[in-house]
C-alpha cells in the first residue's frame, strides 16, 4: 500500500518592493541654500554673518539637520540676494523633480493576490 500524498502548492510570500522615501522638506531647502551659496562662491561664514545667524546653525540647515523657521530662511535667502519665495520655489521645483522621477509600485489592498513570474 503506497501512501499517496496530494501535491501541495508551496506559498512563498513576496516582499513588497521597497518604496523610496520621500525627501524631507528641510533636506530640499538646505540643498537649495547650499547650491545657491556655492554658485555665488561664498562661504558659510559670509552668508551666516549677512543673515545674522551662527555659522554652525546655517551649516546644520544646509545639511538638513535643522528645521529652520521662516524668519531664518528669509534671512538666509536675503543674504543670498533672494527672497523667501525664490528659495521656496526652487525647493518645490526640486521636490517635484525628485518625486516625479521615481516610480511607485501600486499598493496591494487587503485580499489582493500578487503573482510573480
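The values are calculated or read from the model by the stated rules, or taken from the named source; none is laboratory data. Since we're looking at a predicted model, the values are computed, not measured. Reconstructed Cβ throughout: ideal geometry from the backbone, glycine too, with neighbour counts over all protein chains shown.
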**Message:** Given (1) exposed (fewer than 12 other Cβ atoms within 10 Å of the Cβ); (2) within 19 Å of the chain's Cα centre (by Cα); (3) modelled with pLDDT under 85, identify the lone condition not met by residue 6.
**Reply:** (2)
**Message:** Within region 1-24, does at least one residue satisfy the condition of being in a helix (DSSP H, G or I) and either out of contact with any strand residue (DSSP E or B) (no Cβ under 8 Å at 6 or more places or on another chain) or free of Cβ contacts under 8 Å to residues at least 40 places away in the same chain (or both)?
**Reply:** no
**Asked** For region 61-88, how many residues meet the condition of being in contact with a helix residue (DSSP H, G or I) (Cβ under 9 Å, 6 or more places away or on another chain) and part of a helix (DSSP H, G or I)?
**Response** 16
**Prompt:** residue 55: buried (at least 16 other Cβ atoms within 10 Å of the Cβ) and under 22 Å from residue 81 (Cβ atoms), yes or no?
**Reply:** no
**Asked** Is at least one residue of region 42-60 closer than 25 Å to residue 97 by Cα and assigned to a loop (DSSP other than H, G, I, E, B)?
**Response** no
**Fill in**
When restricted to 97, 107, 52, the only residue more than 17 Å from residue 29 (Cα to Cα) and modelled with pLDDT under 95 is 107
